[in-house]
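Contents: one structure, followed by commentary.
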Amino acid sequence: MPTIAAYIGAALFEIAGCFAFWGWLRLGKPIWWLVPGLVSLGLFAWLLTLVESAAAGRAFAAYGGVYIAASLGWLWAVEGIRPDRWDLTGGIICLAGAAIILTAPR
(Lines give C-alpha, C1' and ligand atoms only; values in the text may rest on other atoms or scores of the structure.)
Protein backbone atom coordinates (compact mmCIF):
# COMPACT_ATOMS: atom_id res chain seq x y z
CA MET A 1 0.00 0.00 0.00
CA PRO A 2 2.78 2.57 0.60
CA THR A 3 3.81 2.23 -3.06
CA ILE A 4 0.31 3.00 -4.29
CA ALA A 5 0.04 6.00 -1.95
CA ALA A 6 3.45 7.27 -3.08
CA TYR A 7 2.44 6.93 -6.74
CA ILE A 8 -0.90 8.69 -6.25
CA GLY A 9 0.72 11.51 -4.30
CA ALA A 10 3.51 11.81 -6.85
CA ALA A 11 1.01 11.99 -9.69
CA LEU A 12 -1.03 14.72 -8.02
CA PHE A 13 2.06 16.79 -7.21
CA GLU A 14 3.54 16.35 -10.68
CA ILE A 15 0.33 17.30 -12.42
CA ALA A 16 -0.20 20.30 -10.13
CA GLY A 17 3.40 21.45 -10.65
CA CYS A 18 3.20 21.13 -14.40
CA PHE A 19 -0.21 22.80 -14.42
CA ALA A 20 1.32 25.79 -12.63
CA PHE A 21 3.72 26.22 -15.56
CA TRP A 22 0.87 25.65 -18.03
CA GLY A 23 -1.16 28.30 -16.24
CA TRP A 24 1.68 30.81 -16.34
CA LEU A 25 2.69 30.18 -19.95
CA ARG A 26 -0.65 29.36 -21.58
CA LEU A 27 -3.38 30.81 -19.38
CA GLY A 28 -1.79 34.13 -18.47
CA LYS A 29 -1.52 33.41 -14.74
CA PRO A 30 1.00 35.47 -12.74
CA ILE A 31 4.62 34.32 -12.52
CA TRP A 32 4.27 33.62 -8.79
CA TRP A 33 2.30 30.50 -9.80
CA LEU A 34 5.74 28.98 -10.42
CA VAL A 35 6.60 29.02 -6.70
CA PRO A 36 4.02 26.43 -5.62
CA GLY A 37 4.62 24.68 -8.93
CA LEU A 38 8.30 24.17 -8.15
CA VAL A 39 7.53 23.04 -4.61
CA SER A 40 4.99 20.61 -6.00
CA LEU A 41 7.50 19.19 -8.49
CA GLY A 42 10.04 18.74 -5.70
CA LEU A 43 7.50 16.79 -3.64
CA PHE A 44 6.71 14.67 -6.70
CA ALA A 45 10.36 13.68 -7.09
CA TRP A 46 10.73 12.96 -3.36
CA LEU A 47 7.63 10.73 -3.31
CA LEU A 48 8.98 8.62 -6.15
CA THR A 49 12.03 7.83 -4.01
CA LEU A 50 9.72 6.19 -1.46
CA VAL A 51 8.63 3.47 -3.90
CA GLU A 52 9.95 0.01 -3.05
CA SER A 53 11.96 -0.92 -6.12
CA ALA A 54 15.52 -2.04 -6.71
CA ALA A 55 15.70 0.01 -9.92
CA ALA A 56 14.64 3.61 -10.47
CA GLY A 57 13.73 2.95 -14.11
CA ARG A 58 11.28 0.22 -13.14
CA ALA A 59 9.70 2.46 -10.48
CA PHE A 60 9.39 5.29 -13.03
CA ALA A 61 7.95 2.98 -15.70
CA ALA A 62 5.23 1.68 -13.39
CA TYR A 63 4.51 5.24 -12.24
CA GLY A 64 3.76 6.20 -15.84
CA GLY A 65 0.50 4.24 -15.79
CA VAL A 66 -0.61 5.90 -12.57
CA TYR A 67 0.33 9.33 -13.97
CA ILE A 68 -1.80 8.77 -17.07
CA ALA A 69 -4.83 7.71 -15.01
CA ALA A 70 -4.38 10.65 -12.62
CA SER A 71 -4.07 13.04 -15.58
CA LEU A 72 -7.45 11.87 -16.84
CA GLY A 73 -8.89 12.52 -13.38
CA TRP A 74 -7.35 16.02 -13.45
CA LEU A 75 -8.85 16.60 -16.90
CA TRP A 76 -12.29 15.94 -15.47
CA ALA A 77 -12.00 17.41 -11.96
CA VAL A 78 -9.98 20.55 -12.68
CA GLU A 79 -10.45 21.31 -16.36
CA GLY A 80 -14.08 20.21 -16.51
CA ILE A 81 -13.63 17.94 -19.52
CA ARG A 82 -15.08 14.47 -19.08
CA PRO A 83 -12.75 11.73 -20.38
CA ASP A 84 -14.27 9.81 -23.28
CA ARG A 85 -14.29 6.03 -23.73
CA TRP A 86 -10.95 6.12 -25.53
CA ASP A 87 -9.34 8.06 -22.69
CA LEU A 88 -10.71 5.56 -20.18
CA THR A 89 -9.72 2.53 -22.23
CA GLY A 90 -6.18 3.84 -22.62
CA GLY A 91 -5.99 4.63 -18.91
CA ILE A 92 -7.08 1.10 -17.98
CA ILE A 93 -4.50 -0.40 -20.32
CA CYS A 94 -1.79 1.79 -18.79
CA LEU A 95 -2.78 0.82 -15.25
CA ALA A 96 -2.69 -2.85 -16.25
CA GLY A 97 0.83 -2.36 -17.60
CA ALA A 98 1.89 -0.63 -14.38
CA ALA A 99 0.49 -3.50 -12.33
CA ILE A 100 2.41 -6.04 -14.41
CA ILE A 101 5.65 -4.11 -13.95
CA LEU A 102 5.14 -3.76 -10.20
CA THR A 103 3.92 -7.26 -9.37
CA ALA A 104 5.91 -9.46 -11.77
CA PRO A 105 7.87 -12.19 -10.00
CA ARG A 106 11.57 -11.43 -10.06
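The values are calculated or read from the model by the stated rules, or taken from the named source; none is laboratory data. These numbers were taken from a predicted model, which means no experiment stands behind them. No Cβ is skipped: glycine too gets one built from the backbone with ideal geometry, and neighbour counts run over all protein chains shown. These area figures cover heavy atoms from the full protein model, side chains too; ligands, DNA and RNA do not enter into them. Shrake-Rupley method; radii C 1.70, N 1.55, O 1.52, S 1.80 Å.
Numbers at a glance
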| quantity | calculated |
| --- | --- |
| Nonlocal amide H pairs with residue 29, under 5 Å, H built at 1.01 Å | 24 |
| Against the rule of thumb 2.2 N^0.38 Å, how large the Cα Rg of region 48-106 comes out | 1.26 |
| Gap separating the Cα centres of region 87-106 and region 1-19, nearest whole Å | 16 Å |
| Modelled FRET efficiency - R0 41 Å, residue 29 with residue 55, Cβ distances, 0.05 increments | 0.65 |
| The chain: angle of helix 85-103 to the longest principal axis, Cα-based, in degrees nearest 10 | 50 degrees |
| Note, ³J(HN,Hα) from phi for region 36-52, Karplus 6.51, -1.76, 1.60, rounded to Hz, x at Gly and Pro | x, x, 5, 4, 4, 5, x, 5, 4, 5, 4, 4, 5, 6, 7, 6, 6 |
| Net length gained if the chain between residue 21 and residue 96 were fully extended (0.36 nm per residue, minus Cα distance) | 24.0 nm |
| Segments 28-39, 3-14 sorted - mean Cβ within 10 Å per residue, highest first | 3-14, 28-39 |
| Apportionment of accessible area to carbon and sulfur, the chain, percent (1.4 Å) | 73 percent |
| Solvent exposure of the chain as accessible area per residue, Å², 1.4 Å probe | 64 Å² |
| Two-decimal Rg to Rh for the chain - Kirkwood Rh, Cα set | 1.02 |
| Per-selection metrics, region 1-63 (Cα): Rg and Dmax in Å | 13.2, 42 |
| Potential extension, residue 3-residue 81 segment - 0.36 nm per residue separation minus Cα distance | 25.2 nm |
| Mean ellipticity per residue at 222 nm, deg cm²/dmol - from DSSP H runs of n ≥ 4 across the chain, formula -39500 (n - 2.57) | -26500 deg cm²/dmol |
